[in-house]
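Report on one structure; see the data block that follows.
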């Protein structure tokens, strides 16, 4: 069957999709469009409208209070005692209404902010899960963690407080100007108007300067996290080679770069002109108002009300010094998130592809493969065929391409040339989830999650405690698990650090048994198991391998001997293939592997095999 889905595969570029992605199109149009799509997503539009209305009302009430206070002072100085009660009640009502509106405003903007962070976090994590293995091979875990935590968190601050305060400061800047025009001599608008023009020009210059610095901050933070993650992950190597000083200096250099970027931001903020302009504006406004008072155009109460409105300009002035830095930081964070999310992946989930149960027939046809970003092929012109329920053993020296070959079967990578067939169907034509659900892989370097033993064994397939115990017995893991304080509910620690290498491998084998795959790949999976335990596991493995295709990567003679087919790899090419007895007699490369391993003459080794 030819590959009919190749065009579809190269168009979609995603291995996993949790559902409809409402932000996919926006991601392709840049960071600002992507941010807006999140902000106005779903019912957020209604909340945003309410926030805008309450912000405008709050600004009006704040300005109205100052005008009323000025009028109350005027009446008091004129001896109009009867109106003071009215002013007192009116000011009280305005004072109560302002915080109530702000309460609604703050609550809704926080809801929008938390939703934005939640949706960005979900989108970014799902996107990472949908990337191909070649993408993850090129990433630093610390850098990914920095983006998934701190950069996503910054998106929350974009709404609350940044954008919310910007609109609030904008209304605090504009609305007082209308109140000055409405209630005071028109010429008084000149001073705050000049301030507004100078403020906007200064703000534009500030935003332009602060942008590159925020980009540095996010970049240096990611580098610092990556260094920390690598050092702690490889702490045994660091200590064993006495490289603490070197790693400490490397981390200090990154931390120092991060610190210098903050100092650079501080220098820009220290030169923020609007603060000086505001002081001159208030002073100029006071002088102008006094002159109008001498001219009989204003009274003391109006001067107080007018200065109160000018004082409202403090809010947008002081708030803008850090709010726009947050916005630039958020835009930089969004660009960093999109930088990864927009990277294409080579493999598609192909949800409409072939989904039938496979029998396990595997065929490689002239397969050539090199890892993405490299030119030297790891595998060259590989061809072989394994029938259903047969066992294939792969042997070869280190770096010959054994592990790479097995990873191609579950389509962690796509081949450069040739094709791989399972049940005479090109693996590109399979629905990726269906294909991988029927293949189980037990690696030499076992990865366990920091949860319980039960959850680790049942990770690939949900099973009852009885089923988990049964497969644990088959994998010779039940005995040591039963001796643990909490038995199957015992925590294994980070990457299974609380267990020995052999115990981790037995749990991984039990996990593979529970999945009940049609194709089982064992990559030196018993390397950390003693001979006595291995003998027991071999019996279990031989039972579990019935009616399923198995691929072994091993140099253990006890496992290789009963393989139906053995292929010998050297520098990415098949040197020879056949049964153990055939290769031991005819293949010099195969003989060299076992002579070196067992330190015996080849005739003696052949004789032992014939006797067995």
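Would you mind computing the Rg to Rh ratio of segment 92-245 from its alpha-carbon coordinates, Kirkwood style for Rh? Ratio of gyration radius to Kirkwood radius for segment 92-245: 1.18. Rounded to the nearest whole angstrom, the semi-axes of the ellipsoid equivalent to segment 142-230, taken from the Cα gyration tensor as √(5λ), stand at 42, 15, 5, largest first. Most simply put, the chain has about 50% antiparallel DSSP beta bridges, counting only bridges with both residues inside it. In this structure, residue 344 and residue 252 have a Cβ-Cβ separation that, at R0 = 25 Å, corresponds to a calculated FRET efficiency of about 0.10.
In units of the compact-protein estimate 2.2 N^0.38 Å, segment 38-102 shows a Cα radius of gyration of 1.58.
Take every Cα pair under 8 Å in the chain that's 6+ residues apart, average their separations, divide by the length, and report that relative contact order as a whole percent. Walk me through the intermediate numbers first.
Numbers: 897 pairs, mean separation 97.4, N = 612.
That works out to 16 percent.
Among 502-508, 417-423, 54-60, 247-253, sorting by the average number of other beta carbon atoms lying within 10 angstrom of each residue, highest first, gives 502-508, 54-60, 417-423, 247-253.
By the compact-protein rule of thumb, 2.2 N^0.38 Å, the alpha-carbon radius of gyration of segment 74-150 corresponds to a ratio of 2.38. Report, to the nearest 10°, how far helix 244-270 tilts away from the longest principal axis of the Cα atoms in the chain, using its own Cα long axis and a range of 0 to 90°. It works out to around 20 degrees. In segment 24-154 the Cα-Cα distances spread across 5 Å bins starting at 0 as 2, 9, 13, 13, 12, 9, 8, 7, 6, 6, 5, 4, 3, 2, 1, 1, 0 percent of all pairs. Every helix of 4 or more DSSP H residues in the chain counts as -39500 (n - 2.57), and over all residues that averages to -19500 deg cm²/dmol at 222 nm.
Counting only alpha carbon atoms, the long axis of helix 300-311 and the longest principal axis of the chain meet at about 20°.
Which value in Å is the Kirkwood Rh of segment 309-387 over different Cα pairs? Write out the running numbers ahead of the final one.
Values: mean 1/r = 0.0522 Å⁻¹.
Averaging 1/r across every pair of different Cα atoms and inverting gives 19.2 Å.
Shown for segment 330-457 is the translational diffusion coefficient from the Stokes-Einstein equation, using the Kirkwood radius over Cα pairs, a temperature of 4 °C and a viscosity of 1.567 mPa s: 76 µm²/s. The distance separating the Cα centre of segment 275-316 from that of segment 172-244 comes to 30 Å. Relative to the longest principal axis of the Cα atoms of the chain, helix 602-611 runs at roughly 80 degrees.
Any idea what the relative contact order of segment 377-486 is, in percent, if you count C-alpha pairs under 8 Å spaced at least 6 apart? Across segment 377-486, relative contact order equals 13 percent.
Hull volume per residue, based on the alpha-carbon atoms of the chain and their convex hull, is 206 Å³. Calculation over all alpha carbon pairs of segment 404-465 in 5 angstrom steps from 0 returns a P(r) of 3, 14, 23, 20, 15, 13, 8, 4, 1 percent.
Computed from the coordinates by the stated procedures, all read-outs in this text should not be read as laboratory data. Here the structure is a predicted model, which is why all the values come from computation and not from measurement. Note that we place each Cβ from the backbone using ideal geometry, even for glycine, and neighbour counts take in every protein chain shown.
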